[in-house]
Structure formats: structure tokens, C-alpha cells
Amino acid sequence: MIKTNLPVLFIKNHEIFPYCETKLEFSDTNIKKTISLAESYFDNCVFIVHQKSNDNLENLKTINVGIIAKIKLKIDMPNGNMRINLKGLKRAIIHEIIEEDNLYEASLSLVNKEEIDPIEEIAMSRTLYKSLDTYIKETETTLFDSAKDIRDINKLTDIIVSLLPLNHNRKLKYLKEVSSVTRLKMLLDDLEYELSIIGIEKEIDLKVNKKIDDSQREFYLKEKLSVIKEELHENALDEITILENKINNLSAPKGIKKRLEIELNRFKSCNSNSPEVGIIRNYIDILLNLPWNKSSEENFDINSIKEILENNHFGLQETKTRILEYIMVKHYTNQKNVPTLCLVGPPGVGKTSIALSIADALNLKSVKISVGGVNDEAEIIGHRRTYVGAAPGKIMSSIQKIGVNNPVFIIDEVDKMTKDIKGDPASALLEVLDKGQNNRFVDHFIDEEFDLSKVMFILTANYIDQIPKELRDRMEIIELGSYTEYEKIKIARDYMIPQLEKEYLLESGEVSLTNKTLTNIIRFYTKESGVRELERVIRKIYRKYICNKLESKKKLDPNKNLENIIGIPKYRVNNNTENLKGVVTGLSYTPYGGDTLKIEVISYPGENNIKITGLVGDVMEESINVAFGYLKGNYQEYNLDIDFINSQTFQIHIPSNAVKKDGPSAGITVATSILSYLKNQVISNTISMSGEITLTGNILKIGGVKEKIIAAIDNNIELIYMPKANMEEVLELEYLYKNKLKIKYVSNYQEIYEELFRENEK
Ligand code: ADP
């Protein structure tokens, strides 16, 4: 038995027989990928698995025979579709079908040729020819000319069946049958059956002819069909009938059914070779598969919602309370006028997983898309059908996939959309979210109104201020902050480890990870606000543990040899060993959490200007200029030598670590570095600060307070200067820094100057 692997093409409503060639046209991208795969790696061969019209991938397990076919010709059509000519080669038995990224590959073995006595074979083929001759005479067809003089019944049966007008399900039976003798017997039965139908049809024609005259041609055809059905007690389940049935049974608004009927008529009247056929068919399928009136039943039991939110996530008390309030108000007011929920915070702090828990708690289905990097509104609301390669937008294609009109719909990265000539995705998203109009949402491709008002949209973002303003105004924002080291250990110990142990089939505690090991991982291997990287490292440890156990039967102990398992530490804590003039420690907030950063200043003779280095963004550059301008404008107050300043070029460097930095909050740190340099006075590196400075020396509010405080503690800072405007927020975090760190609130730069420099002037 020769076993081989081939990419799989699932085919519905068509049959590919060995020895026969068929033309097919596709618009589906996964099918196109499969064809390309076959061309590149499988000598143009694909494996055809025929599905019944009502099969879904679940019932595939019942199919065990398919056809190996060769791609003879491939044309990329101007409308984006792909047309191929396929020649069927042989039947093969399926052993396994594996899926990866929506592409399927089958492991299969060829069907051996059946041993038949040659004399018996001649006798059988003669009987078949006899029956076929009668059929040819009755139908006056020339279809079977190509089947003349074939003695190999394996080939003969396949060719004849492919040409006979049998219904699809019957043909599938032939395709599945590996024995040519059995196929021949089936064929004899079918030919006899067809001949009897032809006889009855002739009789009916006579009867019907009497009833009607020529001008009633359409009526005649319908009459004929209904009489045939009556006589045969069988529904002609061809493609059109199936579609008609589906339309009749579809639960959808009247307008949609009307539209489907119109499209079906267009489909019927199209030439089967016209490229339009595929497009219309695809459109009909999409309309048929949308959940117009299909909802899942919401579970609204406050206690069970509370319990699920509580059990799935550690801490996040305020977030959970606000989510509960939100759900209750939404339920009480029957969805109306509740703003969309938007969860904002750094990566890995549980935004997505808490949104999924909401779905879980309400017993609703959930779906997630990302709009990060989207710059084309059509990606959200679809392309018009006239556009080459048109498709519905991300919203409606996800609704179609999930199959209900009331899922929890998570839209990730709403702060990362961009606006350009292709339109403004934010305003397209607004149409989707706007409660006033989203009950009549029109996707450009679908071109019909769909009611999105039952969908519970939850958005996520990393930065509030980068969410487009028009969206921000309509959302209820819930912020999720960074986790402290203690919180991360708790999440790992109580939530992540039990879950991962189950996933990797490990006994509870089989791989021991002490708190000390977890702390080492958090401090030296992950630099993040959330726990995503931490999860990745724990997974790595489990993988290595399992491989080691299987290979050498020795058990790894991550508490003893962490470096051997996960490599050398990536990060080291800043030990603040050097105290230098012109170098001051600032605090920054990046998507990966808070961090300390050194701001360095030197000067050299040159034109009076500033040179900034270290991957600094525009806003930070501006804040450096403002800090410098402020000091120059107040040189007398701060006792600075203005002639010296004017004769120098100042270089301000923020060592980069290859990370781009931006934001205005380095202002007061820059001012302090410049003063430290000019006054030749060292500022202790256990002092840090963060605040935006204006030209009048006022110090403005900053963001990322929690992250900055955590970073300061981790980096052995003892005193931070923070804007007075942040005082309330900082005091709420006292539990974090109490006994570890002193915080002083300042509202004008003079206050910092008084404390750090004035003393030394005296
Ligand atoms: P985000 O969407 O904010 O980037 P995720 O929701 O993907 O983050 O969270 C990353 C991982 O961390 C998930 O496995 C999640 O379950 C886990 N996680 C985050 N916060 C918590 C928490 N408070 N309790 C338990 N697990 C958490």
C-alpha cells in the first residue's frame, strides 16, 4: 500500500470523476491557497473530497474515499476569482485529514486495481453497452461517443456515470465505490431506471400536450416538472431547488427574502461559464448564512455572572465592579443608549480575557477582530460588489462566521487605526457602534440593512489619548493598570499555573516553581505591565520539562537551573551605581510597562543650539526645547551664565535601548539635567521625577502613574517628584509604595529648584 499526502479541496455540488475533466471557479482564498500549494509542492495534484450539499466539515469523518486530481490549467480571472481545469486521476482511501490555518492535508493510499477475470470483464462490458445503446437510441444523444470501444470497466463505468444525468447524491455514491464491478451493477440499475423515466416522460408529454397550447410555454414547463415530480414522488434536488428551499426556510426580514429571490433569478439566467455565476452564488450564500433573526439565549443571573468574573481573574476589583454595573444597566434599560465598553491598558493585563469572561458569564458566543493598522474603511464596512475581489467587511464576515446576531464582539487595538486617502476607519467604526443607527447597518458588499443593535461590542486599546476622539466620546472607558510583582506572582500561582498544568497534562505541582523562581522570571526575563511574557516563559519551562522527561527520564528542576532552561537573563535591575553631573533619572511609560531612563546632557563650543539623540519622538523633542527655553528665559533667576550658554551646542541624549520614547513628561527631568550640568552639581540617582513643563515653569499632569511608581521601586529610587495634579491618583496607590518610596508633589519648577539646587548656591 503506497501512502502519500496531498492538499485537500472540498467540493460541493460538483463531481470530479477519474478520467474526466471539469472546470471550476473559486473566490475563496483558502481554496486559492490550496491550489497554489498543490502547484508548488505536489506536482499540481490535489485530493478531491466530495461533500453532500448539506455536509459540514464535522461530518467529514464519514467520508473515506476521494479522488486524486491534477490541475491542468489555472487562470486568475479579472474579478479576483480563480478558474481551474481539473482532471480526475484515481480513487484513494483517506486515512486522516489534518487542518492547519484553514488548509487541509490528507494522508491517503491508492486503491489497487480490482482483479477481474478478463472473459468476465468482456461479458460485463457487453451487457453495459447493450443497455447504454438502448438509452442512446431513446434519448438520441451523442454524449457517449467518447465511451465507445473501452473494455476496461473501471474506466468505462466512471466515464458513463460522469455523463449520465443522475442527481448529485447518486453520483457521490459512485465516487465512493471502489469496486468497478459494483459500480457496473449500479449503473445497469440506473440505466434501466432512467429508461423507465424516459418512457413515463413521453407519456406525460402526450398528456400535457393535450392540455396546453404553444403560447403557454413557461406554464408547460412548470406543468411538466410538477407532473414528473408527481409521477416519480421525488424532488429534483438540484442546486436551484436546494437554494429555493433554503430561501423559503430562511428566517429573515421580507426585504432580504425578496432580494434573495431576485439574485436567484439572476443566477438561473446566467450562463454557467460566465464569471458572474460565481459572484452571484457567493453573494447568495453570504445572505443565506447571515444570522438575520438568530440569537443565542442570554443568561442573566447576576450571581453566576459575579462568580464567573471573580473566578476567572485575580484582583481587578474596580474593573469587575464597573463591568457588572455596565451589564446590569444594559440589561435594565434593554440595551438602549448604553455607551460601548472600552477596556484600556497595557498588553497582557487581561483586557481580552475579561471580555471573553463577560461572554462566558452571559452565555453568549464571542468573536474577536483587530483593527490595528487598518487604514481603509472598506476593511470595516466592506467593498462594494463592483470592486474586484470585493468581500464583506470584518464586522459582517465575523457575524456570518459566528452565526448569531447577539455575540460579544471584541474589537482590539482601536487606538492603532490610521486615517488616509482610503477613508477614515474610525468613522466607519462609529457607524457600527452608534446605537442610533446600527440597527440598520449596511455593509457595502451586503448592500442590505442588518440589525447590529443586539451585538455587545467591547473595544480594547493600549492608550486612551490615541483612540480617535469621535469614538472616545461615545465610549465608557475602563482602565486596567499594570500589575505589581506581588500581583503577577499571585496570578501565576492561582490562575496561570493550574490552567497550564492541565493543558500540558502535568500533575499539580509536578514542575515546582517557587515564589523566588517566579520573582526571578518576572524581574530578569520579562519587562512588561501584564503577564503575557510571564505565561510564555512558564510554557517554555513546561515544554523543556516534558521533553527532558521523555528523552532522558530525568526531571528538570527550574528552581535549581533556571538559566539552563530559559537562557541567560534579558534584563538587569539598574543598580544606580554612578552619580554624574548632567545625568538625571527620569521615568517613562511604554506599552511594556514603566521604566527608568537616564537623561544626559553635555555641551561643547558651537552655535547656540540643541542636538537631541536616542530615538526620541516629536512630542518629547518639543518638551526638551520647552525645558531649555524655560531655563534660558529665566537665566537670572537660576543664576546661569547666559554668555556661556550662547556659545555652546548642547547635546541631550536619552540612551535608547533601541526603544522609541515619546511623550511630554520628561520635561522636568530635562530641565534638571541641564541645570545639573551647568551648575556642575550631581543629582543623586536615587532621585527621579516625571512631569511636563511649560514655558512659565508650570508642571502639568502625567500619565502612566502606576507603571512609573512600580518602575521606580524596582530600580531602587527613593524619592520621586510628581505633578501636584496627579496627587489624588498617586494617593490611591499608596499601598504600592508605602515604606518604599517618598513622593513629593510639585506644581512649578521653582519648587524642584529650591530643593535640589538653591541649597548649594548659598
Ligand atoms: P490583553 O488583552 O490585555 O493584552 P490578555 O487578556 O490576552 O491581555 O491576557 C493575557 C493572559 O494573562 C491571559 O492568559 C489572561 O488570562 C492572563 N491574565 C491577565 N490578567 C489576569 C488576571 N487578573 N487574572 C488571571 N489571569 C490574568
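The values are calculated or read from the model by the stated rules, or taken from the named source; none is laboratory data. Worth saying up front: this structure is predicted, and the values here are computed from it rather than measured. Ideal geometry is used to build each Cβ from the backbone, glycine not excepted, and the neighbour counts take in all protein chains shown. What goes into the accessible areas is simple: the full protein's heavy atoms, side chains included, and nothing from ligands, DNA or RNA. Shrake-Rupley method; radii C 1.70, N 1.55, O 1.52, S 1.80 Å.
Numbers for the structure displayed
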{"item": "Some residue of segment 549-569 being open to solvent by 70 Å² or more (accessible area, probe 1.4 Å), in contact with a strand residue (DSSP E or B) (Cβ under 7 Å, 6 or more places away or on another chain) and closer than 26 Å to L597 by Cβ", "result": "no"}
{"item": "Positions within segment 457-492 being within 18 Å of S370 (Cβ to Cβ), of a type outside the set (A, V, I, L, M, F, W, C) and open to solvent by less than 60 Å² (accessible area, probe 1.4 Å), in sequence order", "result": "T460, N462, Y463, P468"}
{"item": "Some residue of segment 543-564 being within 14 Å of the ligand (Cβ to nearest atom) and either of a type outside the set (G, A, S) or not assigned by TED's automatic domain parsing to the domain that holds E707 (or both)", "result": "no"}
{"item": "Among the residues listed as S296, S269, the single one being surrounded by 13 or more Cβ atoms within 10 Å (Cβ to Cβ), more than 13 Å from the ligand (Cβ to nearest atom) and small (G, A, S)", "result": "S296"}
{"item": "Residue list for segment 713-735, filter: under 19 Å from I693 (Cβ atoms) and not polar (S, T, N, Q)", "result": "L719, I720, Y721, M722, P723, K724, A725, M727, V730"}
{"item": "Which listed residue, of L459, L429, is away from the ligand (no atom under 16 Å from the Cβ) and either assigned to a strand (DSSP E or B) or over 24 Å from G481 (Cα atoms) (or both)", "result": "L429"}
{"item": "Flag for E377 being out of contact with any Ser or Thr (no Cβ under 6 Å at 6 or more places or on another chain), within 12 Å of the ligand (Cβ to nearest atom) and open to solvent by 30 Å² or more (accessible area, probe 1.4 Å)", "result": "no"}
{"item": "Candidates L73, L37, L89 - the one that is open to solvent by 20 Å² or more (accessible area, probe 1.4 Å) and part of a helix (DSSP H, G or I)", "result": "L37"}
{"item": "Members of segment 494-512 that are over 12 Å from E535 (Cβ atoms), within 16 Å of the ligand (Cβ to nearest atom) and not charged (D, E, K, R)", "result": "P498, Y504"}
{"item": "Close pairs from segment 350-361: first farther than 14 Å from D412 by Cβ, partner within 12 Å of the ligand (Cβ to nearest atom) and assigned to a helix (DSSP H, G or I), Cβ under 7 Å, at least 6 apart", "result": "S357/L309; S357/N312; A361/L309"}
{"item": "Enumeration of residues in segment 4-52 that are out of contact with any Gly (no Cβ under 8 Å at 6 or more places or on another chain) and among the aromatic types (F, W, Y)", "result": "F10, Y41, F42"}
{"item": "Hits in segment 579-608 (condition: modelled with pLDDT under 90 and part of a loop (DSSP other than H, G, I, E, B))", "result": "N579, L580, P591, Y592, G606, E607, N608"}
{"item": "Subset tally (residues that are in contact with a Lys or Arg (Cβ under 6 Å, 6 or more places away or on another chain) and either within 16 Å of the ligand (Cβ to nearest atom) or among the small types (G, A, S) (or both)) for segment 299-344", "result": "3"}
{"item": "Criterion: at pLDDT 85 or above and open to solvent by 80 Å² or more (accessible area, probe 1.4 Å) - qualifying residue of R543, R539", "result": "R543"}
{"item": "Filtered residues of segment 392-426 (kept if at pLDDT below 85, farther than 20 Å from I464 by Cα and either of a type in the set (D, E) or part of a loop (DSSP other than H, G, I, E, B) (or both))", "result": "D420, I421, K422"}
{"item": "Positions within segment 145-171 being in a helix (DSSP H, G or I) and open to solvent by 10 Å² or more (accessible area, probe 1.4 Å), in sequence order", "result": "D145, S146, N154, K155, I159, S162, L163, H168, N169, R170, K171"}
{"item": "Lone unmet requirement of (1) away from the ligand (no atom under 13 Å from the Cβ); (2) in contact with a strand residue (DSSP E or B) (Cβ under 6 Å, 6 or more places away or on another chain) for A355", "result": "(1)"}
{"item": "Filtered residues of segment 100-132 (kept if polar (S, T, N, Q), open to solvent by 60 Å² or more (accessible area, probe 1.4 Å) and either closer than 14 Å to K185 by Cα or touching a Cys at 6+ places or on another chain (Cβ under 7 Å) (or both))", "result": "T127"}
{"item": "Given (1) farther than 25 Å from G372 by Cα; (2) in contact with an Asp or Glu (Cβ under 7 Å, 6 or more places away or on another chain); (3) not assigned by TED's automatic domain parsing to the domain that holds G530, number of the condition S508 does not satisfy", "result": "(3)"}
{"item": "Pairs, first assigned by TED's automatic domain parsing to the domain that holds E754 and under 15 Å from V601 (Cβ atoms) in segment 625-650, second modelled with pLDDT under 95 and of a type in the set (K, R), C-beta under 9 Å, six or more apart", "result": "Y638/K679; L640/K632; L640/K679; I645/K632; T649/K611; F650/K611"}
{"item": "Selected residue (criterion: modelled with the lowest pLDDT) from residues of segment 646-695 that are among the aliphatic types (A, V, I, L, M) and assigned to a loop (DSSP other than H, G, I, E, B)", "result": "A658"}
